[in-house]
Amino acid sequence: MSPLSDESTGVPRTTLSRVAVASCAGTTIEFYDFFIYGTAAALVFPKVFFPALGAAAGTVASLATLGVAFVARPVGAVVCGHFGDRLGRKNTLVVTLLLMGLATVVIGLLPPASVIGAAGPILLTVLRFLQGFAVGGEWAGATLLAAENAPPGKRGLYAVFPQLGPAFGFALASGTFFVIDLAVGPDSPAFLSYGWRIPFVASAILVLIGLYVRLAVTETAEFREHQAKLRSAGPQGAGGLPLRAVLRAQWREVLLGGGVLTILFALFYVATAYRTSFGTSRSGAGLSRAAVLGLGMAASAALAITTVAAGILSDRFGRRRTIIFAYAVTVPAVVLLFAWLTGRSGAAFGVTLAAMMGLYGIAYGPVGAFLPELFRTAYRYTGAGIAYNLGGVLGGAIAPLVAAALAASYGVLAVGVLLGVLGVVSLLSTVALRTRAARDRSPAAAPELEHTP
């Protein structure tokens, strides 16, 4: 055994480090691109691409394009999952990164509606769809790249690296707009003309760095072994479509996996999308945009810390047990946090935001290993990807819209009640799931992480 290799797997330590960096860098870039769109959609797109609709209708139309990405995410999960299960995790992840990067840069270069008319909103919607498609195919592949290469007993730790993407991406997106706000002013003509475009065009630099790291990694050992078995079995070993196979054999895990993720997406997107409007509104916290962005960066630190800690603890106490604990705390906590937030501002808003992100991280850390462990290697990319993005539609696309309507009609406490209800759904979904992976096993010893019916 080489002294530079992991003793349990034989995988070089430099390769394991590279896998960790590649999985984290990819999801960070993907979520950074995803988040800067959301920020721009709230701040500038109504004036740049929907000026003819007026301020109110233009904002509604702009924010509606956010939902296009959530429609595209399950499509990306199915298509990218198919190729990820057939051709490999690495090659598919290179494509998702390129697609996201190109779509983001083109958005930054897109002429305003005053120059190209109705073509502007149409192209913006198409590019947003491509962003959602890429993110839909990214998460499952990145977690598999890390988890399938992990040494025994450390799958929870290694699967944490792609889980840090939302924290780093959100912090990077908030920080970029924060600096631009300070440099050119939040409502200046310069910001509306070119300032908002800088984060989008700058994404090209991040994508090149991500590609350099991602191209340097090898395919996962578990997938290579699976492919070798298929080749030795001949034409009859090719199997059917991954989508058909997973829906036939493990449709229950797909649905329950989506239920597990529902509260996580709701927590995250209520905290990152709804919080901007509440934090800056006079009826809410009444803070400046720079203050809200700054608090968002601080909350990202809470998210990163709890994500790493929970992932490590899941290797010791079990993924499912850690997630159940997180949801048992989340359900009453979100109701109490929003009850406390009512009628308060400033510090209360910052504490609530950080607490929501922290609760999110406690469950999100173990999910990177837990969800893939539910599915067989032959369709693991497809199964984990569909389940993850099903939760995205239920929690990420619907919850923020409902939250805004509930707050307007019944007050901000109603948002906490909504999150509490979704937390119960996710808790029950997690309790209903079982896996035979009571402890981590090496890919060489257990190429199939089998499930119990």
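The values are calculated or read from the model by the stated rules, or taken from the named source; none is laboratory data. None of the values given here were measured: they were computed from a predicted structure. Cβ atoms come from the backbone with ideal geometry, glycine included; neighbour counts cover every protein chain shown. We work out accessible area using only protein heavy atoms, side chains counted, and drop any ligands, DNA or RNA first. Shrake-Rupley method; radii C 1.70, N 1.55, O 1.52, S 1.80 Å.
Please state the shape class of the chain: rounded when a/c is under 1.5, otherwise prolate if a/b exceeds b/c and oblate if not, all from the C-alpha gyration tensor. The shape class here is prolate. Take every Cα pair under 8 Å whose residues are at least 6 apart in sequence, average their separation, divide by the length of the chain, and the relative contact order is 24 percent. With the cut-off at under 18 Å, measuring from each backbone N in the stretch 46-65 to a point 7 Å along the Cα-to-Cβ line of ALA118 picks out 49-54, 58, 61-62, 65.
Each peptide among 366-374, 191-199 gets the average number of other Cβ atoms lying within 10 Å of its residues, and from highest to lowest they stand as 366-374, 191-199.
If I stretch the segment between ARG252 and LEU87 completely, what's the gain in nm (0.36 nm per residue apart, minus their alpha carbon distance), one decimal? Can you show the working numbers first?
Numbers: separation 165, 0.36 × 165 = 59.40 nm, distance 2.57 nm.
Roughly 56.8 nm would be gained on extension.
Sorted by average packing, counted as other Cβ atoms within 10 angstrom per residue and highest first, what order do 142-149, 39-46, 330-337, 56-63 take?
Working: 142-149: 29.5, 39-46: 21.6, 330-337: 19.6, 56-63: 16.8.
Ranked by mean Cβ neighbours within 10 Å, highest first: 142-149, 39-46, 330-337, 56-63.
Straightening the chain between VAL75 and VAL21 buys 16.8 nm, computed as 0.36 nm per residue apart minus the Cα-Cα spacing.
When VAL48, VAL431 are compared by accessible surface with a 1.4 Å probe, the order from highest to lowest is VAL431, VAL48. Rounded if a/c is under 1.5, else prolate if a/b beats b/c, else oblate: with a ≥ b ≥ c from the C-alpha gyration tensor eigenvalues square-rooted, which is the stretch 363-405? Verdict is oblate for the stretch 363-405.
Helix hunt in the chain: which complete DSSP H runs extend at least 27 Å axially by C-alpha with mean Kyte-Doolittle at least 0.5? Sorted by number, the helices that extend far enough and score high enough are 13-43, 54-86, 89-109, 119-147, 165-184, 197-215, 289-317, 319-341, 347-370, 413-432.
What is the local net charge at GLY132, summed over the other residues whose Cβ is closer than 12 Å to its Cβ (Lys, Arg +1; Asp, Glu -1)?
Working: positive: ARG73, ARG128; negative: GLU30, ASP33, GLU138.
Around GLY132, the surrounding residues sum to -1.
Dividing the helix sum by the residues of the chain, where each DSSP H run of 4 or more adds -39500 (n - 2.57), gives a mean residue ellipticity at 222 nm of -24500 deg cm²/dmol. A straight chain from VAL126 to TYR194 at 0.36 nm per residue would run longer than the Cα-Cα distance by 22.3 nm. Residues ARG231, ARG224 ordered from highest to lowest accessible area at a 1.4 Å probe: ARG231, ARG224. Ignoring lysines fewer than eight residues from LYS90 along the same chain, the ones with Cα atoms less than 26 angstrom from its Cα are LYS154, LYS229.
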